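The values are calculated or read from the model by the stated rules, or taken from the named source; none is laboratory data. Treat the numbers as computed from the prediction; the structure is a model and nothing was measured. As a convention, Cβ positions derive from the backbone with ideal geometry for all residues, glycine included, and neighbour counts pool all protein chains shown. We work out accessible area using only protein heavy atoms, side chains counted, and drop any ligands, DNA or RNA first. Shrake-Rupley method; radii C 1.70, N 1.55, O 1.52, S 1.80 Å.
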Amino acid sequence: MTGARAVRRAGVALTAVAALALAGCGGSSAPAAGGSPADGTGKTVTLWIMEGTNPNSKPFFDDLKAAFTKQTGATLDVQFQQWASAHDKFLTSIAGKTTPDVAEIGTTWAGEFGDIGALVDLTQQVKQAGLTDGLVAGLKEAGTLDGGLYGMPWYAGVRSVVYRTDVFQELGITPPTTWDEMVAAAAKIKAAKPDMLPFPIAGDNEFAVYPFVWGAGGQIATEKDGKWTSAIDSPESRKGIQFYSDLAVKNGFSTPAAATWRETDLRDAFTKGQAAMTISGSWTPKAILQAAPDLKGKIGAFALPGPTGGLAPSVLGGSLLSIFDGTKNPELAWELVKLMGTGDFAQKWSSDSSYFPGTTALMQQAAQSPDPLVAPFAKQMVDAGRSVPVTPLFGKIQGKKTIAAMMRSILTGEKTVEKATSDAAAEMNQIFAGS
């Protein structure tokens, strides 16, 4: 840990401890975590929530406000923010010391906001509440920086494969459990149904690349002594990328037009009956069936297989609940995080939004679901969910679309895998070096 970062960490810890001590002197009967709720009579806790995840969130937050007031005596002020502008608004509020008490933040923001000392380390609160071993590993990883937890897992989605069960049944195909079986299944579909894309590969979809990088034993980037280095050009990473791109380039399971497709284009192709398999998020089946009711009973899902079996890790995308360092009510803020992130409210948000909860207990329930569009995704998330590199610098790499450009160049034949990965690694390392 660098000296400057250590000072920022100390500032966060001292601010939180001082606030908790003052709360104790004021007669609060509650510890920071694990005990009875803090006394919040006459106080207000501000919560920022990203708009759009749950299309009909008003009933949820009405119930949450009532429960929070009943539990603590405090008033909950919920303020909705737009995803598109939220990141910059957070930075402005941090600079102006006008941050909320608690906020939903994207998984890729925890490293950035934690690094500048804007978030409270929740490690001890989580430990005292008995939740340390009860959080979904991939989400916990996304909220962790230098050993501290700066975001309590709230909800997430994960990508697996959605497929046409009717097509598989007609052709006698079972869901693949290895990479060779995936190729064999797609080849059988290609031969029998020339007008259907067996497995379209979108060039502008970085999150679909990483399972094959990780599955082959590669890494996106590695950290040593606080310094990040790209690993996208390692032999293992190249092996995974070669297999993934060959699904299109060598085997012809995709279409040249897909070199510029985004994830939404994959979903559109599947919805229109043009694709037999596609990498898709756990939150999409409901939308697919709403857009194409005739597909009801004709689609299923399977977890992304590893090269010779097991599961290939897949990126978790979702949100964390964080307490900002500027809060004057850290005990109340933690009570809100616990209320939202565990138990009935975590389950209700998951059900309403079609995302998975962030606790392993609730995820295990989902993994036992008889719904063929739920259980495979849940298994993927619990057994093989992973975070992208937790550093604010990786956000800059995503902003430049380095990996998407790499994949487009491979899919169009502009570059070999070796050349494309070397160029991508060089660009990543420039960003990691701050140049």
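Observations on the structure shown:
- Considering only alpha-carbon pairs that sit under 8 angstrom and 6 or more positions apart, the relative contact order computed for the chain is 25 percent.
- Amide H contacts under 5 Å for residue 135: 360, restricted to partners 5 or more places along the chain or on a different chain, H placed in the peptide plane at 1.01 Å from N.
- Peptides 148-156, 418-426 ranked from most to least packed give 148-156, 418-426, packing being the mean of other C-beta atoms within 10 angstrom over each peptide's residues.
- Of the DSSP H helices in the chain, those whose Cα atoms cover at least 27 Å axially and whose Kyte score averages -1.0 or more: 3-25
- For a straight C-alpha distance cut-off of 16 angstrom, the lysines reachable from residue 58 (same-chain residues fewer than eight places away being disregarded) are 348.
- With a simple spin-label model that places each label point 7 Å from the Cα along the Cα-to-Cβ direction, the separation between residue 361 and residue 178 comes to 4.0 nm.
- The 3J(HN,Hα) values that the Karplus relation (6.51, -1.76, 1.60; θ = phi - 60°) gives for the range 297-303 are, in residue order, x, 10, 10, x, 9, 9, 5 Hz. Gly and Pro appear as x.
- Residue 149 long-range amide H proximity, modeled H, under 5 Å: 122, 123
- Accessible area (Å², 1.4 Å probe, nearest 10) - residue 112: 40 Å²
- Given +1 at the Cβ of Lys and Arg, -1 at the Cβ of Asp and Glu and no other charges, the dipole of the range 167-325 around its Cα centre is 400 debye to the nearest 20.
- Once the 1.4 Å probe is applied to the protein heavy atoms, the range 286-361 comes out at 34 Å² accessible per residue.
- Across the chain, the volume of the C-alpha convex hull divided among the residues equals 135 Å³ per residue.
- Value of Rg to Rh for the range 209-255 (Rh from inverse mean 1/r over Cα pairs, i.e. Kirkwood): 1.13
- Taking only protein heavy atoms and a 1.4 Å probe, the accessible area of the range 246-345 is 50% carbon and sulfur.
- Within straight-line reach of residue 70, meaning a Cα separation under 17 Å, sit the following aspartates and glutamates at least 8 residues removed in sequence or on another chain: 39, 62, 331, 335, 344.
- Between 169, 66, 252, the Cα set farthest toward the positive side of the dipole of the chain (charges on each charged residue's Cβ, about the Cα centre) is that of 252.
- Whole-Å semi-axes of the ellipsoid equivalent to the range 167-227 (Cα gyration tensor, √5λ, descending): 33, 14, 7
- For the listed residue pairs 190/272; 193/401; 65/328; 65/338; 127/224; 239/379, the alpha carbons are over 23 angstrom apart in 193/401; 127/224; 239/379.
- Evaluated on the range 366-435, the Kirkwood hydrodynamic radius is 14.5 Å, with distances taken between all distinct Cα atoms.
- The range 325-432, relative contact order in percent, only Cα pairs under 8 angstrom and at least six apart counted: 14 percent
- Dipole of the chain, positive direction: furthest Cα of 318, 45, 363, with charges on the beta-carbon: 318
- In this simple spin-label approximation, residue 91 and residue 264 carry label points 7 Å from Cα along the Cα→Cβ vector, and these lie 2.4 nm apart.
- Distance from the range 314-338 to the range 105-132 (C-alpha centre basis), Å: 7 Å
- Inter-part distance where the range 362-435 and the range 180-223 are each reduced to a Cα centre, Å: 13 Å
- An ellipsoid equivalent to the range 189-283, defined through the eigenvalues of its Cα gyration tensor, has semi-axes of 29, 15, 10 Å when rounded to whole angstrom and sorted largest first.
- Computed over the alpha-carbon pairs of the range 158-316, the distance histogram in 5 Å steps reads 2, 9, 18, 23, 21, 14, 6, 4, 2, 1, 0 percent, short to long.
- FRET efficiency for the residue 398 to residue 41 pair, using the beta carbon distance and R₀ = 60 Å, is estimated at 0.85.
- In this label model, residue 257 and residue 170 are separated by 2.1 nm, measuring between points 7 Å along each Cα→Cβ vector.
- With q set to 0.11, 0.13, 0.18 Å⁻¹, the log10 of I(q)/I(0) for the range 245-389, from the Debye formula over equal scatterers at the Cα positions, is -0.54, -0.73, -1.18.
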